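Student: Below: one structure in structure tokens.
The values are calculated or read from the model by the stated rules, or taken from the named source; none is laboratory data. This is a predicted model, so every value here is computed, not measured. Because the Cβ atoms are built from the backbone with ideal geometry, glycine has one as well, and the counts that use them run over all protein chains shown. The accessibility values were calculated without ligands, DNA or RNA, using every heavy atom of the protein model including side chains. Shrake-Rupley method; radii C 1.70, N 1.55, O 1.52, S 1.80 Å.
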Amino acid sequence: MDNTLILTATLCHNGRLRYTPAGVPVLDAVLKHESWQQENGQACLVKFEIAAKLLGEAACQWQHRQNIMVQAEGFLAARSLRYPKPILRIQNIQEYKG
């Protein structure tokens, strides 16, 4: 099965950089997306925010960057065992140049 998501969005909010018990840096963020899509032959304005998480070196590199258009690639997973709503676990992120 495939669970890959590529999203162009604005990195609109970063939490504080934290560390796992194993010392791995973790950064929680929010991505905001807005675009026009075609659905059933009609133009549809799509707007949403999605929680995201960066781990490792990427978390350190992006901790102070906000309000930047990015292209994020990763997979969707439950936030935790107790909170099943999806979160984007980012594996690759780069500034979007258009």
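Student: Pull up region 60-83, narrow it to residues that are of a type in the set (D, E, K, R) and either free of Cβ contacts under 8 Å to residues at least 60 places away in the same chain or loosely packed, with under 13 Cβ neighbours inside 10 Å (or both), then point me to the one that is farthest from A9 (Cα to Cα).
Tutor: In this case the residue turns out to be R82.
Student: Among the candidates A9, A43, which residue alone is closer than 18 Å to Q91 by Cα and of a type in the set (A, V, I, L, M, F, W, C)?
Tutor: A9
Student: In this structure, does K32 turn out to be closer than 27 Å to M1 by Cβ, of a type in the set (K, R) and part of a strand (DSSP E or B)?
Tutor: Considered against the rule, which asks whether it is closer than 27 Å to M1 by Cβ, of a type in the set (K, R) and part of a strand (DSSP E or B), K32 comes out as no.
Student: Just to verify a result, which residue in region 11-42, among those that are among the hydroxyl-bearing types (S, T, Y) and closer than 20 Å to A77 by Cα, is most open to solvent (accessible area, probe 1.4 Å)? Quick ask: steps written out before the conclusion?
Tutor: Going through region 11-42, the residues among the hydroxyl-bearing types (S, T, Y) turn out to be 19-20, 35.
Now drop any that are not closer than 20 Å to A77 by Cα, which leaves 19-20.
Values: Y19: 134, T20: 44 Å².
So the residue we want is Y19.
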